[in-house]
Amino acid sequence: MRKFMMAALLLGGGICYAQPEQAWKFYKLDFAVKEVEGAKVLNSRAFSTIVQMDPPGSRAEAGSIRTGSKVPVTNGSYIDVGVNIDCRSLKEVQGDLALSVNADLSSTAPEPSAPDRPVIRQNRWSSYVIVPIKKPTVIFSSDDATTKHTMQLELTATPVALGATMK
């Protein structure tokens, strides 16, 4: 009888501690940084990451992309140039994906003002955006102050099946 009660207690205890399985949801975020003039794309760079939907009440960082170079300057230090994209607060809203995006795109100008003092071009954007699922959407756009070029950040959000990998 004692063994039976011990077994029942252990089995019952296991049931009490069982947690409901959480339904994790992931999205692949494909970003395209485009330099355009009129309707012509002059340059395009692609960046991708897979991020998890935020649990209710969370404000955690969902994903970050960092790529670039360090450019030396006269005082012996360096300036970071490249692409920095941060995403957070992913939520589904009426079949679309809403998220906060912070983007910083910087590069050196083709002709430096002096060999030891490069000219840095920079575009910074930050906003809460809503994009349709599986449809490329320009979320940010800025005209270049010195040319007729426009910098654009395009986002395509695609649901990811569990077990899928990035391609």
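Numbers at a glance
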{"item": "Residue in the stretch 113-129 that is acidic (Asp, Glu), within 19 Å of TYR27 (Cβ to Cβ) and either in a strand (DSSP E or B) or out of contact with any helix residue (DSSP H, G or I) (no Cβ under 7 Å at 6 or more places or on another chain) (or both) present", "result": "no"}
{"item": "Out of SER64, SER107, sole residue that is small (Gly, Ala, Ser), surrounded by 12 or more Cβ atoms within 10 Å (Cβ to Cβ), within 22 Å of GLU35 (Cβ to Cβ) and touching a strand residue (DSSP E or B) at 6+ places or on another chain (Cβ under 6 Å)", "result": "SER107"}
{"item": "Hey, ASP54 within 34 Å of the chain's Cα centre (by Cα), among the acidic types (Asp, Glu), modelled with pLDDT of 50 or more and part of a strand (DSSP E or B) or not", "result": "no"}
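The values are calculated or read from the model by the stated rules, or taken from the named source; none is laboratory data. Bear in mind the structure is a predicted one, so any value in this text is a computation, not a measurement. Every residue, glycine as well, gets a Cβ built from its backbone with ideal geometry; the counts of neighbours run over all protein chains shown.
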